[in-house]
Amino acid sequence: INPPSPLMGEGRGEGESVRATTTVVEDDITVTSLRKHVGNIKRQEALYGVVKKEPEEEKDPILTSTIEIMHTSGDGEVTKEWLDHFWKNLINEMKKHNHTVAGLLRGCTIKSYSKNHLIIEAGYKFHKERLDDMKNRDVLLSICKALTGNEMEIKVELRK
């Protein structure tokens with residue numbers, strides 16, 4: 001007589017073996033329940049055919065912006081609060097176009113501002129070069145125009 005194997009229990013014949021069971025996970029998902037689910041899906045496909053989802057048409061993304069023209073006080077005076085708010089809005093809008101340049105702007109300051117002129121003071125030569133790049137300059141000009149409503153001339157200077 002053969003010794004009983006660990007998979008065969010007491011009172012079982014030679015051809016009988018113990019079925020492997022899985023433990024129940026938190027959501028009662030077992031290998032058996034997954035097999036049943038796959039079987040049900042196969043049965044439905046056999047009865048009703050495969051339902052193919054039609055691909056949705058890709059819609060052109062609508063680019064929206066939250067830019068509003070920033071008005072100065074009634075007498076046209078630019079206050080420090082207005083300038084701080086303008087600078088934060090400029091950086092936030094630049095972040096939508098280029099995160100790296102927005103990061104560079106955080107390290108810069110406004111040296112002077114008038115209705116049509118903005119002088120940005122950069123701390124490093126590399127920052128100045130990146131802000132003087134035509135692509136970045138065009139984005140800066142468009143953001144400044146959107147924020148102020150005026151055509152601007154932007155100059156970047158190196159901090160001494």
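The values are calculated or read from the model by the stated rules, or taken from the named source; none is laboratory data. All values derive from a computational prediction rather than experimental measurement. Areas reflect the complete protein model, heavy atoms only, side chains present, ligands, DNA and RNA absent. Shrake-Rupley method; radii C 1.70, N 1.55, O 1.52, S 1.80 Å.
Here I91 fits the description: under 23 Å from the mean Cα position of the chain (by Cα) and open to solvent by less than 70 Å² (accessible area, probe 1.4 Å). Applying the criterion of being outside any loop (DSSP other than H, G, I, E, B) and either open to solvent by less than 50 Å² (accessible area, probe 1.4 Å) or under 12 Å from A146 (Cα atoms) (or both) to the residues of the stretch 65-88, the residue that is modelled with the lowest pLDDT is W82.
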